[in-house]
Amino acid sequence: MSTETTASVSTHILDTSVGRPAGGVAISLSARSGFDGDWVALGGSATDADGRCKDLPALPEGTTHVRLDFETETYFLNEHSSKKQAEAQQDAPRVRDSGAFFPEVAITFAVRPGEHFHVPLLLNPFGYSVYRGS
């Protein structure tokens, strides 16, 4: 596909509760054409040890909106239940029994053909923030 007619998307996740990348977070990518178009699931991937997801599926030509779905609950259940993480968070509030207050995070944004959109997720058990990166 030509980059002049399509947009591209990448993301990374930083777990701000421990100041480290969030590895192993599953991410699903969906796209639609037009505000009232139907969402089409394109596939997904997971973050690597550096918290980056470098192999998200390509966007189809005509994509105007993208949705990234991050499966955060599994990450917090796995990562924050270990003794190592508990020691790293000695002074932090205890994680809820469910693993995270937000068990999933869905980010929807508009794209324009020919541009790359990097959307980082800053994550902790009780909140998150996103922005358009570079």
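The values are calculated or read from the model by the stated rules, or taken from the named source; none is laboratory data. Remember, predicted model here, so these are calculated numbers, not experimental data. As a convention, Cβ positions derive from the backbone with ideal geometry for all residues, glycine included, and neighbour counts pool all protein chains shown.
Quick notes
- Residues of segment 27-46 satisfying the condition of being surrounded by fewer than 18 Cβ atoms within 10 Å (Cβ to Cβ) and hydrophobic (A, V, I, L, M, F, W, C): PHE35, TRP39, VAL40, ALA41, ALA46
- Selection count where residues are buried (at least 17 other Cβ atoms within 10 Å of the Cβ), more than 23 Å from ARG32 (Cβ to Cβ) and at pLDDT 95 or above, scope segment 90-122: 0
- On the stretch given as segment 47-72, residues that are assigned to a strand (DSSP E or B), within 19 Å of HIS116 (Cα to Cα) and modelled with pLDDT of 95 or more total 6.
- Restricting attention to segment 47-71, the residues that are within 15 Å of VAL9 (Cβ to Cβ), touching a strand residue (DSSP E or B) at 6+ places or on another chain (Cβ under 8 Å) and either in contact (Cβ under 8 Å) with a residue 12 or more places away in the chain or crowded, with 16+ Cβ neighbours inside 10 Å (or both) add up to 17.
- Set side by side, the residues SER10, SER28 differ, and just one is farther than 17 Å from HIS116 by Cα and in a strand (DSSP E or B), which is SER28.
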